[in-house]
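To start, the structure under review is shown below, and the notes come after it.
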């Protein structure tokens, strides 16, 4: 049976048995279903059933596209394209055509100039200005995945151009286009950039706004940040447990412990508050990881808050939820000098000797949170004078060191590009950040051998391990031996509270595995009191400083890899302590525990 006859049968199928005659179907529905059947998008049976559903249900407010998508599984993008074809809208391929007459800034400016209700309408129905018509500067080309919507014409008519043409683009292209032009989406109140259904997104944002106003969440989040700064927490974790509960954890002295919970408050509202307080973060984006930085002032000193969110799934709830972590970075105090880092006299002499040189590579090794930034600040304060020019090229810079010019990396100036031209700026001192690969290691060595004083960081277990890792990048041993001047490794361990610590009877079998074969005569354990957190109060560093002497250079050049035993023998010959020996000293003094040393050295 031809498609029109089938559809006609659908119109009259139930008329004989219906108590009341149904309302006649709209001409568009029947014509559009005919169009879909002719183009083999749906079968005649689906067309018949869809027509019957729309005919018999007067209370069903869904569109024909909704019915076909939800009831019969036809892809929405396919249906949107067929609507554009049915009404003869021009289809644009913008994915392969990045050059447009309208710049990103101009397109965004046009959208922002709309009245608020029209701006919300443009976002809901996904309508954006794209181009100016060829040879018609007063005619605007508008793109949307919903060209036949009445609201689309209403928005297009409101743009400041005498004429307009509405063109179709796929929804995924529209989303990508909006991401591209909207570098400041947070200023648009209605910005559902990626939404399965725009109306649902609007409802969610309205609910979040009401929740924020009802609970005074902004002041509650501010109070948590203030508490974190007050107790010297390094990070705050906001972990959603279910739709209306978020647990808050503080990382204090390297250990995560629960601080409080937000009960009966929407989890997405908690994250939204912090996003609104952080430049560069989009409150409305919940499906992508985001990062941003804000600066607060505490006790007259700047505190950097590095905010990071990532989408997570909750086991018993559908929805868009995020986990958020706020890293709290404080500028190293002006009082931090080499003498105040806890270095022994041998390490201090080694640093002073190297800082007095005119060139060479100094490597600092330590994981995140081990105090390497503070050590670097102390080094810069010790060596920089007005007669020295210092430059820093770091991909992730926590703080500005006094007397150092920090190169600003941008999309037009990458990290590698900056390193390629840094020599032209005639620096005496260069801070490179972390060495992660062979290219970074080669750049550091090349600059050091050209008469620059180069400082870099590296992830390694100890000083000898840092040299082994550099060689593992494929660096020639003779070049490394010639350029390297000092390797320093450090860790932080929690300090026992002197008010409540107690003697721990017996010994601990882990001492031998830590390299402390002689044992420690007296061990202490944490207890806990009002003056500490679970028996600990603050942290203290462990240091290992290896000066690259002729003996060390011989070890580097002999063989493919440096032997740890030889390096540790050289440390002893220099009178310096290894990390484990420094830890043993803290154990003997009752400053820390075996648990702490095991955590950082094992």
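Just so you know, all these numbers are worked out from the coordinates, no wet-lab data involved. Note that the coordinates shown come from a computational prediction; the quantities given were computed from them, not determined experimentally. Methodologically, a virtual Cβ is constructed for each residue, glycine included, from the backbone with ideal geometry; neighbour enumeration extends over all protein chains shown.
Structure notes:
- The gain in end-to-end length when the residue 45 to residue 210 segment is fully stretched comes to 54.8 nm, 0.36 nm per residue minus the alpha carbon separation.
- Taking every alpha-carbon pair under 8 Å whose residues sit at least 6 apart, segment 320-420 reaches a relative contact order of 23 percent.
- On the principal axes of its alpha-carbon atoms, segment 334-381 has extents of 29, 20, 20 Å, going from largest to smallest.
- Subtracting the Cα-Cα distance of residue 345 and residue 534 from their residue separation scaled by 0.36 nm leaves 64.8 nm.
- When you work out D = kT/(6 pi eta Rh) for segment 215-330 at 25 °C and 0.890 mPa s, using the Kirkwood radius from C-alpha pairs as Rh and the Stokes-Einstein form, the result is 172 µm²/s.
- Ratio of the Cα radius of gyration of segment 338-601 to 2.2 N^0.38 Å, where N counts its residues: 1.08
- Residue order for 435, 540, fewest other beta carbons within 10 angstrom first, comes to 540, 435.
- Ranked 469, 49, 150, 172, criterion: other C-beta atoms within 10 Å, fewest first: 150, 172, 49, 469
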